[in-house]
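Quick notes on the structure that follows.
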Amino acid sequence: MHLYLPIAGLSVNALVIVLLGGAVGILSGMFGVGGGFLTTPLLIFYGVPPAVAVASSATQITGTSVSGVLAHSKRQGVDFRMGMVLVAGGAAGSFAGGFLFRLLQKTGQIDTIINLLYVALLGWIGLAMARESVRAVLAMRDGKPPPPITTKRHRKWIAALPFRWRFYGAGLYISPLAPLLLGFVTGLLTVLMGVGGGFILVPAMLYLFGVSARVVVGTSLFQGLFVTATTTLVHALTTHAVDLVLAGLLLIGSVIGAQIGSAMVQQVRPERARMMLAVIVLAVAIRMALGLTWQPDAIYTVQGL
Amino acid sequence: MRNLLALLAALPLLLGASEPRLVPDVSNTQVDIAYSFTGADLLLFGAILYPGGRAPAPDTDVAVVIKGPAEPLLVREKAKVAGIWINHASERFRSVPSFYAVATSRPLDQLVSPRTAAIYEIGIGNLLLSPANGASANEQARFESGLIDLKRKSGLYAEHVGAVSVREGVLYRALVPIPARVPVGRYTAETYLIRNGHIVAAATREISIGKSGFERFIAQAAESWPLLYGLAAMLISLLMGLAAAFAFGRVRR
């Protein structure tokens, strides 16, 4: 069934978009990543203008996150206190990111900088996660207790920060400055790269802070909810690129997918889930790295004035 | 200079009391884009009137040009620098038609001389895009062909050779497909009557392409009430997330 998207200005197969939303929703529910990394390029490939793809997938991620957070919170899988601290840091980071974005946009090289940042960051995170999760899986197979996720070095650095709060869900007694800073960096990078809050948050909470694996996904989704809701509003006000029909179609699939994903992840051992996320992160990084060096399909790109 | 040329070329049209006249029409002067819009076919047809009851000429050709509203564009060119592809040069064009389709009864090069084609902007290669950067002619041509290539691939620029049929030199009809991603706005359909490589008559009709119903409402809301629209988008996504959580909560209990 074909539907016309009023803002994107083209007609799409509604079923394809719903299914795409569903696949992304499952990933969100399982791993706490927003899924913009998948939706945005696929929509652009389908012919949706880039600005509309970015704005509408932000709208979609909001709904997916709500669905995922509710599913996880039913199993006490969200640390709301840590989530709020991350959101506060994220708000400040978004403002800084928006400022930086405009500066880079003037040079016309914003996409190259974003792509390079992306490859470096995701490659590093993916490799670190893969190494740790493979070790953990191997240790489990030999019947040994899994090695601790965080290293002493990181804990010492975080422990040096002043004031301490108890984060019950996360099982931590650390300074709120650490998640505040993490939220800031995530917000900054989310605005700059358009996607990828979860990619940074999930590994950082796991490896840097040692947050209990039970609440990592839910808490990451909680933070993403606020970030993408703000992003939707900013896009609606500035670029006018939010396509409600497109977002609605994606949402139908993804809110259901998030429920399925959050149920699925309960059936998987946490080490294996981390390994799967590591594979996804690495695959995205490799795809982007290749994309930088391969000759693009379109040497010329057009921008309205 | 260009104006003068156009005037000279149009001279036969202005003086042409003895030349035939075109009576053009379009199947729909108003194309509505609704939720199920997947493109449309425009039928352009009409009659050729010969003054004084002269016998119709058999070797008459017709070209139909449909143009969308023009817009200024910035075209960027990527190049490989230190192993990665980056945007390295750009060119501004002041007036790029957002849509351009030409339908002809015979291949363009057999119809009119290159000069006439250039003056009337018949054929994709003859569009005047008004590059504004003052780069070398070579460079401008490179950017132009890049831009035209993009437009062609997205179906917004097209040449339909043989899509016009002329019956006994009196009636003509052309079927021009309009793709789904057509930009909205006021379009012009120009019809040219061509004989012996000369344009002997021309006529213009306007077509307006616009969104209708729900599509129009959404597009207008996004432009006119951005804050409300953004809040509505947030609310819808929140409610859909809640709805899914409730639905699944019920099912699992």
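The values are calculated or read from the model by the stated rules, or taken from the named source; none is laboratory data. None of these values were measured; they are calculated from a predicted model. FYI the Cβ positions are ideal-geometry reconstructions off the backbone, even for glycines, and counts take in every protein chain you see.
Can you find, within the stretch A:1-19, the residue that is surrounded by the most Cβ atoms within 10 Å (Cβ to Cβ) among those that are more than 17 Å from B:Ile178 (Cα to Cα) and within 9 Å of chain B (Cβ to nearest Cβ)? In this case the residue turns out to be A:Ile7. Taking strands (runs of 3 or more DSSP E) as the structural unit, those lying wholly within the stretch B:30-73 and holding at least 1 residues that are within 19 Å of B:Arg167 (Cβ to Cβ), at pLDDT 80 or above and away from chain A (no Cβ under 14 Å) correspond to B:40-49, B:61-67. Here the condition is being aliphatic (A, V, I, L, M), under 28 Å from A:Leu277 (Cα atoms) and not in a strand (DSSP E or B); of A:Ile7, A:Ile26, it holds for A:Ile26 alone. Does A:Gln223 satisfy the criteria of being touching a Lys or Arg at 6+ places or on another chain (Cβ under 8 Å) and farther than 22 Å from A:Gly123 by Cα? Spelling it out, it is not the case that A:Gln223 is touching a Lys or Arg at 6+ places or on another chain (Cβ under 8 Å) and farther than 22 Å from A:Gly123 by Cα. Among the residues of the stretch B:122-148, just one is acidic (Asp, Glu) and crowded, with 17+ Cβ neighbours inside 10 Å, namely B:Glu144. Filtered by the rule that a residue be touching a Ser or Thr at 6+ places or on another chain (Cβ under 7 Å) and either surrounded by 18 or more Cβ atoms within 10 Å (Cβ to Cβ) or closer than 18 Å to B:Ala47 by Cβ (or both), the stretch B:173-186 gives B:Arg173, B:Ala180, B:Arg181. How about the stretch B:74-123: which of its residues are among the small types (Gly, Ala, Ser), more than 9 Å from chain A (Cβ to nearest Cβ) and assigned to a strand (DSSP E or B)? Passing the criteria: B:Ala89, B:Ser95, B:Ala101, B:Ala103. Here is the figure for the stretch B:187-217: residues that are in a helix (DSSP H, G or I) and crowded, with 19+ Cβ neighbours inside 10 Å total 1.
Is there a residue being in contact with a His (Cβ under 8 Å, 6 or more places away or on another chain), on the phi < 0 side of the Ramachandran plot, facing another protein chain (nearest Cβ under 10 Å) and of a type in the set (D, E, K, R) anywhere in the stretch B:200-221? Looking for residues that are in contact with a His (Cβ under 8 Å, 6 or more places away or on another chain), on the phi < 0 side of the Ramachandran plot, facing another protein chain (nearest Cβ under 10 Å) and of a type in the set (D, E, K, R), one finds none in the stretch B:200-221, hence no.
I'd like the full set of residues that are farther than 26 Å from B:Gly249 by Cα, assigned to a helix (DSSP H, G or I) and within 14 Å of another protein chain (Cβ to nearest Cβ), limited to the stretch A:252-305. Correct list: A:Met288, A:Ala289, A:Leu290, A:Gly291, A:Leu292, A:Thr293. Might you let me know whether the stretch B:153-171 holds any residue that is free of Cβ contacts under 8 Å to residues at least 60 places away in the same chain, surrounded by 17 or more Cβ atoms within 10 Å (Cβ to Cβ), in contact with a strand residue (DSSP E or B) (Cβ under 6 Å, 6 or more places away or on another chain) and within 12 Å of chain A (Cβ to nearest Cβ)? Looking for residues that are free of Cβ contacts under 8 Å to residues at least 60 places away in the same chain, surrounded by 17 or more Cβ atoms within 10 Å (Cβ to Cβ), in contact with a strand residue (DSSP E or B) (Cβ under 6 Å, 6 or more places away or on another chain) and within 12 Å of chain A (Cβ to nearest Cβ), one finds none in the stretch B:153-171, hence no. For residues that are modelled with pLDDT under 80 and facing chain B (nearest Cβ under 8 Å), tally how many sit in the stretch A:61-114. Of the residues in that region, 4 qualify. Within the stretch A:284-299, not a single residue is charged (D, E, K, R) and surrounded by 17 or more Cβ atoms within 10 Å (Cβ to Cβ).
Restricting attention to the stretch A:222-251, the residues that are outside any helix (DSSP H, G or I) and facing chain B (nearest Cβ under 7 Å) total 2. I'd like to check something: does the stretch B:57-74 contain any residue that is of a type in the set (S, T, N, Q) and in contact (Cβ under 8 Å) with a residue 24 or more places away in the chain? Yes. Any residue that is surrounded by fewer than 14 Cβ atoms within 10 Å (Cβ to Cβ) and in contact with a strand residue (DSSP E or B) (Cβ under 8 Å, 6 or more places away or on another chain) - is there at least one of those in the stretch B:111-120? Scanning the stretch B:111-120 turns up no residue that is surrounded by fewer than 14 Cβ atoms within 10 Å (Cβ to Cβ) and in contact with a strand residue (DSSP E or B) (Cβ under 8 Å, 6 or more places away or on another chain).
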